[in-house]
Amino acid sequence: SQTIHQWPATLVQPVGSPLSLECTVEGTSNPNLYWYRQAAGRGLQLLFYSVGIGQISSEVPQNLSASRPQDRQFILSSKKLLLSDSGFYLCAWSGGSDTQYFGPGTRLTVL
Amino acid sequence: GQQLNQSPQSMFIQEGEDVSMNCTSSSIFNTWLWYKQDPGEGPVLLIALYKAGELTSNGRLTAQFGITRKDSFLNISASIPSDVGIYFCAGHAIYNTDKLIFGTGTRLQVFP
């Protein structure tokens, strides 16, 4: 069966520091991968999605970037974090159907 | 980006009561999905709907894909304390099947 992992689970970073969040999927090949951000008590905002290695589509202009160095690895990065980058970051994958499956999330607090 | 209109925004009910929430869109959708999110965790898929009129159950949960393809509802029967959480609808609009559009969520609180 397929599983999706996110690392780390929680992160506290100072403003201006770099960021790297990792998402890995097991048990499937060539998944579509997604990064979402969820502000407290709010819905999900799509940040990036990828349909294959090296293929990244950005939804919202911001100081975040994404990369897909391997088929089942998706990384969210920033060179300099802002206070507004705080939130709950969710990675998701989908296969041949329209259904997306979410990881456990990373809680990022920027101080 | 577009968000689906989900209602109610929050519900406070007593254990054993039935719950109903719905989601509407101004656009036609190809897919409707319902997720539940517990605090501090990722959303978990409850039910997926792929055809207009489709009625699907998952235990005490029942969801329907509206005939007009612009709405969906989720019912929970005989609620229990572990039903507490935020329920999100989501779907793929016909004009953009690559991206999942989410509702604003319904926060459910169940009192014993």
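Read-outs: derived from the displayed coordinates by stated rules, not from any lab. Quick caveat, the model's predicted, so the values are computed rather than measured. In this analysis, Cβ positions are derived from the backbone assuming ideal geometry, glycine residues included, and neighbour counts consider all displayed protein chains.
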- Net +/- balance of residues flanking B:GLY85 in space, Cβ distance below 13 Å, scoring K and R +1, D and E -1: -1
- Return the sequence-ordered ³J(HN,Hα) values of the stretch B:70-78 in whole Hz as given by the Karplus equation 6.51 cos²θ - 1.76 cosθ + 1.60 applied to θ = phi - 60°, using x for Gly and Pro. 10, 7, 8, 10, 10, 10, 10, 9, 6
- Work out Dmax and Rg for the protein assembly as shown from the C-alpha atoms and quote the Rg first, both in angstrom. 17.6, 51
- With N set to the residue count of chain B, report its C-alpha Rg divided by 2.2 N^0.38 Å to two decimal places. 1.01
- How big is the charge dipole of chain A about its Cα centre, in debye rounded to the nearest 20, if each Lys and Arg gets +1 on its Cβ and each Asp and Glu gets -1 on its Cβ? 280
- Can you check what the net charge comes to around A:LEU111, using other residues whose Cβ is under 15 Å from the Cβ of A:LEU111 (Lys, Arg +1; Asp, Glu -1)? +1
- Short version: ³J(HN,Hα) in whole Hz for each residue of the stretch A:44-50, in order, from phi by Karplus 6.51 cos²θ - 1.76 cosθ + 1.60 (θ = phi - 60°), x for Gly and Pro, what are they? 9, 10, 6, 9, 9, 9, 9
- Note on the structure: tail above 17 Å in the computed P(r) of chain A, as % of all Cα-Cα pairs, reads 49
- Note on the structure: Partner aspartates and glutamates whose C-alpha sits under 20 Å from that of B:LYS99, ignoring same-chain residues fewer than 8 away, are A:GLU59, A:ASP71, A:ASP98, B:ASP71
- Can you give me the relative contact order of chain A as a percent, contacts being Cα pairs under 8 Å and 6 or more apart? 36
- Message: To make sure I understand the rule: partners must be aspartates and glutamates, Cα under 18 Å from the Cα of A:LYS80, and not fewer than 8 residues away in the same chain. Which ones qualify?
- Response: A:GLU22
- Task: Rounding to the nearest 20 debye, state how big the charge dipole of the protein assembly as shown is about its Cα centre with +1 on each Lys and Arg Cβ and -1 on each Asp and Glu Cβ.
- Result: 480
